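Structure record follows, encoded as structure tokens.
The values are calculated or read from the model by the stated rules, or taken from the named source; none is laboratory data. Quantities reported herein were computed from a predicted structural model and do not represent experimental measurements. Please note: Cβ atoms are built from the backbone with ideal geometry, for glycine as well, and neighbour counts cover all protein chains shown. Please note that ligands, DNA and RNA were not included when accessible areas were found on the heavy atoms of the full protein model with its side chains. Shrake-Rupley method; radii C 1.70, N 1.55, O 1.52, S 1.80 Å.
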Amino acid sequence: MDKLHSLIVVTGITCIVLIRYATASPVEDVQAYTYHDQVLETILVKFQSMERELEMLRSELKSQKETSKRKLGAMADELNRQKVLIQKQDNQIQRLNTVLVGSEIKPQKSFYNRSQEYTRQHQSKPLVDKRNTDQLISKKEKETQKRLLGITSTTSPLTSPVAFSAYFSTNEDQLTSHHTLVFDVVQTNTGNGYNKHSGSFIVPRAGLYVFTWTLITHSSGEICTNLVVNGVNSGYSYANGNWQQTTSIEVIQVEQGDTVLVRTNNYSGCNQAGSIKSDKWRRSNFSGWLIR
């Protein structure tokens, strides 16, 4: 609209100049020639500038048109691809329905025949409970449906174990109450739950675990320790004397993220004296593993 307005103004000026030429006297013509030539030259420059701008607008509109055309083409291709995928899924659902309809009859008949044959061969054994048979068939149908739809079962057995084992690299001489024992040499750390710098095991997966720790006293030591889960004592161990060994085992249900460690207790009746022995001939250690 701004360019159209400028065009109208320039056209008006041109008309005024032409009228001025028509009404001017012979005396004024000589003085006005130079001025009018300048005005016409200015108008010509304006027209040329507007023509260039119009050409740029045409080029920009053409480019936008081509871009829009490409985008519409891409959207049409994507729509066709989605239609093909939907058709494939419909076909897969139809095949699944066909399999399920067939499985509602055939597995029952097959299992019933095997049950009868088994009963004839082993009359002294009880018959299979039909309720269990129905549950088994239903489970098989669900597994077949998940397999056809590409659904992975979330109740599959554990595929990777969790276990750790660590021991002291040297003797532990500075024993105090409420002191965490840091077993700094790691032998096994499947699941990456044990931290050799803090002596803590962070449970990577919930379940039933076995935890065991062995301590060897030295220098007439008296050592009292606890297995601690999230700050709560869940196991106990006591050793008294020179070259005495104590081993404790605890089976505990823990949750993911729980912290498990071995710590000297703060019982006033335990001196926490002597040292814990650990060298290349005998090792004081801490271990744990997931049962299920």
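3J(HN,Hα) couplings calculated from phi for segment 84-99 with the Karplus curve 6.51 cos²θ - 1.76 cosθ + 1.60 (θ = phi - 60°) are, in sequence order, 5, 4, 4, 5, 5, 5, 4, 5, 5, 5, 4, 5, 4, 4, 5, 5 Hz; Gly and Pro show x. From most to least packed by mean Cβ count within 10 Å, the peptides 271-280, 34-43, 232-241, 256-265 give 256-265, 271-280, 232-241, 34-43. Put simply, when 284-292, 212-220, 200-208 are sorted by average Cβ atoms within 10 angstrom per residue, most first, you get 212-220, 284-292, 200-208.
Over every pair of different alpha-carbon atoms in segment 153-273, take the mean of 1/r and invert it; report that Kirkwood radius in Å. Walk me through the numbers before you get to the answer.
On the way: mean 1/r = 0.0656 Å⁻¹.
It is 15.2 Å.
Report the local net charge at THR170: Lys and Arg +1, Asp and Glu -1, summed over other residues whose C-beta lies under 14 Å from its C-beta. Don't jump to the answer; show the numbers that get you there.
Working: positive: LYS196, LYS277, LYS280, ARG282, ARG283; negative: GLU172, ASP173, ASP184, ASP279.
Combined, the nearby Lys, Arg, Asp and Glu give +1.
Rounded to the nearest Hz, the phi-derived 3J(HN,Hα) couplings of segment 197-203 under the Karplus curve 6.51 cos²θ - 1.76 cosθ + 1.60 (θ = phi - 60°) are 7, 10, x, 9, 10, 9, 4, where x marks glycine and proline. Taking amide H atoms as placed 1.01 Å from N in the peptide plane, the amide H of ASP258 lies under 5 Å from those of VAL203, each 5 or more residues away in sequence or on another chain. Taken along its three principal axes, the alpha carbon spread of segment 195-246 comes to 39, 22, 18 Å, from the longest extent down to the shortest.
Note that segment 187-292 presents 49 Å² accessible area per residue, ligands and nucleic acids not counted, probe 1.4 Å.
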